[in-house]
Amino acid sequence: SQRVDPAWSLQAWRDGARDALLRGVRPEQLDWLDGSEASLLDAPPVQQAPVPAHATVPGVPREFLELAATCLCYSEPQRLSLLYRLLWRITHGERAVLTNPADADVLRAMALAQAVRRDTHKMKAFVRFREVPGQPEAFIAWFEPQHHIVDRVAPFFARRFTGMRWAILTPSRSVAWDGQALAFGPGARREDAPAEDAREA
């Protein structure tokens, strides 16, 4: 088995996928674990498989990494094995598979990426900051994204509202900006944000 934690991290997935490729672990042999979830199958970790002599991992097209970074934000565990299957195919003789729009794996990956982009757009359009009662110049917003997009979208808000202190709370993750840096934390509850009737920012 191979764990990806945090579940939406390209770096975490890439490290795990590279490790599995190096050991020649085929897609159907690999049980991916999403974030900190427990494994039902309790398959041995990939690291227990031997690394063959002279094993190398070929480079992959930049388009694939960009697609993977987007798909990883999708909130279903199957995306991990889908991406590894595509990576395996790209590195085992089907280098141009992404250019085949009729391929089932490619179609699925494109659909996941599209859903994540839609969710990202929604978050940028619909987040409304409200002033925290009794704390002038501090603003909080509540949003319920469908996918793991907080880390992806936070830099947009940091650029847009550089001069104010704000936080965005969602059920699975939160982010705050102090005017200098972004700080990420665990999810929150709707009650933690100011009520709808608080003064609109």
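The values are calculated or read from the model by the stated rules, or taken from the named source; none is laboratory data. Please read all numbers here as calculations on a predicted model, not as lab measurements. Here the Cβ positions follow ideal geometry from the backbone for every residue, glycine too, while neighbour counts run over all protein chains shown. Just so you know, the surface numbers come from the protein's heavy atoms only, side chains and all, with ligands and any DNA or RNA stripped out. Shrake-Rupley method; radii C 1.70, N 1.55, O 1.52, S 1.80 Å.
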Mind checking which pairs have a first residue in segment 53-67 that is without any contact (Cβ under 8 Å) to a residue 60 or more places away in the chain and a second that is surrounded by 13 or more Cβ atoms within 10 Å (Cβ to Cβ) and of a type in the set (Val, Ile, Thr), Cβ under 8 Å, 6 or more apart or different chains? Val57/Thr91; Pro58/Thr91; Val60/Ile90; Val60/Thr91; Pro61/Ile90; Phe64/Ile90
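Can you confirm whether segment 132-151 contains a residue that is in a helix (DSSP H, G or I) and surrounded by fewer than 21 Cβ atoms within 10 Å (Cβ to Cβ)?
Initially, segment 132-151 is screened for residues in a helix (DSSP H, G or I), giving 150-151.
Okay, now just the ones that are also surrounded by fewer than 21 Cβ atoms within 10 Å (Cβ to Cβ), so 151.
For segment 132-151, residues in a helix (DSSP H, G or I) and surrounded by fewer than 21 Cβ atoms within 10 Å (Cβ to Cβ): present.
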Among the numbered criteria (1) farther than 24 Å from Val150 by Cβ; (2) modelled with pLDDT under 90; (3) open to solvent by 20 Å² or more (accessible area, probe 1.4 Å), which single criterion is violated by Val46? (3)
Residues of segment 124-169 satisfying the condition of being among the aliphatic types (A, V, I, L, M), without any contact (Cβ under 8 Å) to a residue 60 or more places away in the chain and over 16 Å from Ala195 (Cα atoms): Ala125, Val150, Val153, Ala154, Ala158, Met164
Scanning for something assigned to a helix (DSSP H, G or I), in contact with a helix residue (DSSP H, G or I) (Cβ under 9 Å, 6 or more places away or on another chain), of a type in the set (Gly, Ala, Ser) and surrounded by 14 or more Cβ atoms within 10 Å (Cβ to Cβ), does segment 97-109 turn up at least one residue? yes
Working only within segment 110-130, note down all residues that are open to solvent by less than 30 Å² (accessible area, probe 1.4 Å) and of a type in the set (D, E, K, R). Asp119, Arg130
Of everything in segment 152-164, what is over 20 Å from Glu131 (Cβ atoms) and open to solvent by 20 Å² or more (accessible area, probe 1.4 Å)? Give them in sequence order. Arg152, Pro155, Phe156, Arg159
Does at least one position in segment 165-175 carry a residue that is open to solvent by 80 Å² or more (accessible area, probe 1.4 Å) and farther than 30 Å from Leu98 by Cβ? yes
May I ask you to list pairs of residues, at least six apart or on different chains, whose Cβ atoms are under 6 Å apart, with the first in segment 1-21 being over 15 Å from Thr56 (Cα atoms) and the second being open to solvent by 50 Å² or more (accessible area, probe 1.4 Å) and of a type in the set (Gly, Ala, Ser)? Asp5/Ser36
Looking at segment 49-61, which of the residues that are at pLDDT 75 or above and in contact with a Lys or Arg (Cβ under 8 Å, 6 or more places away or on another chain) is nearest to Asp19 (Cα to Cα)? Val57
Tell me, which residue of segment 11-40 that is over 15 Å from Ser81 (Cα atoms) and modelled with pLDDT under 85 is surrounded by the fewest Cβ atoms within 10 Å (Cβ to Cβ)? Ala38
Mind checking whether some residue in segment 97-117 is in contact (Cβ under 8 Å) with a residue 60 or more places away in the chain and of a type outside the set (Asp, Glu)? no
Please indicate, with yes or no, whether at least one residue in segment 62-73 is surrounded by 12 or more Cβ atoms within 10 Å (Cβ to Cβ), at pLDDT below 95 and under 22 Å from the mean Cα position of the chain (by Cα). no
